Amino acid sequence: MKAVQLVGPRDLRVHEVPDPVAGPEDVLLQVAGAGICHSDLHVVESERPMFRRPVVLGHEVTGHVVEMGEQVSGWSPGDSAVVHLCWSCGECIACRRGDDNLCVATGRRAQPPAPGLGPDGGMAELMRVPARYLLPIGNLDPVTAAPLADAAMTPYHAIDRSRSVLRPGATALVIGIGGLGHVGVQILATVPDVRIVALDVDELRLKAALDLGAHEVVKAGPDAAGRVLELTGGLGADAVFDFVGNAATTTTAVNSVAPGGMCQVLGLGGGAVPVSARARTGRGWPWGAWLRSSYGGTRADLEACVRLAQESRISIEVETFPLVDALEAFRRLKVGDIRGRAVLVP
């Protein structure tokens, strides 16, 4: 089959690889769509041997069941499904309490294996998936539904874990209105009586944020945090979601969060969060604020995202590329020329 395979650092190829073979507990999917996100780009360019190579990339995957292992039940040929990206052990203390995205079978790293980040992923014509990591998507378009697996699930998990501060009248700040952020705005719009402020460097993305449910927009820059404070009576946002994570955005996030608020850094831009252990002055990190990071989301989070999509409460802007044009899609993502999510279609 044709597949997008990372052979070595920065050595990404679209070529023929052997077809996957379904084991007794596996399902073989005919891939319908495979999203590309910035973590894929990070993996391609990384020199660190984080996992085996060569590996077929792709952790945002939907498809149709074409074959089932002898121990698989509950699925039939032709069923549409999305792949949960957290291939957790199901047995550790975190998995048993429902935090399968924090599976500690990998130790303190607490990052369960994910397709394309260890096991072969779905940027291919076929994909082998253990049946326990599949969820039905019903009549959703499988191409536009593929990014639900990360671009929707990751912000949903962060927002769901911030509900203690997202009380009626609260303000939420979304930093970065890209692949994840534009979905985050939509998910926040389903939370009753929460004011949404969107922040980005791109005027078109800010306009899109207003169309998706944001109430206010702020242009990124050195005075962005000051503008957020102006919009919130000098206190800051009750919940801040940084979907970029570079040095500039983490600084903006810290300077924008309210006392007792929640600051969630989800982007992998390499920034450090500037929090000092010293007396508070009313500037920078305030008293009582929480700092949180999270990886992906739980199976329950993905199920919730599928329901929201089925109810037409969230949708993901998608630009499709034929699988054979994957290298061009990666190039455009790297230079910031993708709006929403790029999805490869075999």
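Grab the DSSP H runs of the chain that are 4 residues or longer, score each as -39,500 (n - 2.57), total them, divide by all residues and round the 222 nm result to the nearest 500 deg cm²/dmol.
-6500 deg cm²/dmol
When Lys and Arg each count +1 and Asp and Glu each count -1, what net charge do the other residues less than 9 Å away from V72, Cβ to Cβ, add up to?
So the surrounding residues net to -3.
Set the Förster distance to 30 Å, then compute FRET efficiency between E311 and H215 from the Cβ-Cβ distance, nearest 0.05.
0.85
Pairs of Cα atoms under 8 Å, at least six residues apart: use those to get the relative contact order of the range 162-292, whole percent.
21 percent
Could you list the square roots of 5 times each eigenvalue of the Cα gyration tensor of the range 162-292, that is, the equivalent ellipsoid semi-axes, sorted largest first and rounded to whole Å?
After diagonalising the Cα gyration tensor, the semi-axes are 21, 16, 13 Å.
Using all alpha carbons of the range 90-181, what is the percent of pairwise distances in each 5 Å bin, ordered from the shortest bin to the longest?
2, 9, 14, 20, 20, 16, 11, 4, 1, 0
Return one quarter of the surface area of the convex hull spanned by the alpha-carbon atoms of the chain, equal to its mean projected area, in nm².
Numbers: hull surface 67.8 nm².
That works out to 17.0 nm².
From the phi of every residue in the range 98-109, what ³J(HN,Hα) in whole Hz does the Karplus formula 6.51 cos²θ - 1.76 cosθ + 1.60 yield, where θ is phi - 60° and glycine or proline is x?
Each residue of the range 98-109 in turn: x, 8, 5, 7, 10, 3, 9, 5, 8, x, 5, 4 Hz.
For E303 paired with R167, estimate the spin-label separation in nm (one decimal), with each label point 7 Å from Cα along the Cα-to-Cβ line.
Using points 7 Å along Cα→Cβ, the separation is 3.0 nm.
Estimate the FRET efficiency between V335 and E16 by the formula 1/(1 + (r/R0)^6), using the beta-carbon distance for r and 25 Å for R0, to the nearest 0.05.
Working: r = 28 Å, r/R0 = 1.14.
Calculated value: 0.30.
List the lysines whose alpha-carbon lies under 16 Å from that of K219, not counting same-chain residues fewer than 8 positions away?
K207
When the chain is fully extended, how far beyond the present Cα-Cα distance does K207 get from R280, taking 0.36 nm per residue of separation?
Working it through step by step, the gained length comes to 22.7 nm.
Can you give the relative contact order of the chain as a percent, counting alpha carbon pairs under 8 Å and 6+ residues apart? Don't skip to the answer; put the middle values down first.
Values: 824 pairs, mean separation 62.0, N = 346.
In percent, rounded to a whole number, it is 18.
If you take every residue apart from Q310 with its C-beta less than 12 Å away from the C-beta of Q310, what net charge results, scoring Lys and Arg +1 and Asp and Glu -1?
Values: positive: R307, R313; negative: D141, E303, E311.
For residues surrounding Q310, the net value is -1.
Could you work out how far apart the two model spin labels at A248 and R96 are, taking each label as a point 7 Å from the Cα in the direction of the beta carbon, and quote it in nm?
4.7 nm
What is the sum of charges around G176, taking Lys and Arg as +1, Asp and Glu as -1, for the other residues whose C-beta is under 11 Å from the C-beta of G176? Intermediate results must be reported in sequence, preceding the final value.
On the way: positive: R205; negative: D200, D202, D242.
Charge balance in the 11 Å sphere: -2.
Can you give the percent of C-alpha pairs in the range 213-346 whose distance is more than 21 Å?
So the pairs more than 21 Å apart make up 56 percent of the total in the range 213-346.
Run through the range 208-315 and list the trypsin sites (Lys or Arg not before Pro) located in a DSSP loop whose Cβ has at most 10 other Cβ atoms within 10 Å.
Details: sites: K219, R227, R278, R280, R283, R292, R299, R307, R313; in loops: R278, R280, R283, R313.
Loop-located and lightly packed - R278, R283.
Laboratory data are not the source of any read-out in this text; all were calculated from the coordinates shown. Treat the numbers as computed from the prediction; the structure is a model and nothing was measured. We place every Cβ from the backbone using ideal geometry, glycine too, and count neighbours over all the protein chains shown.
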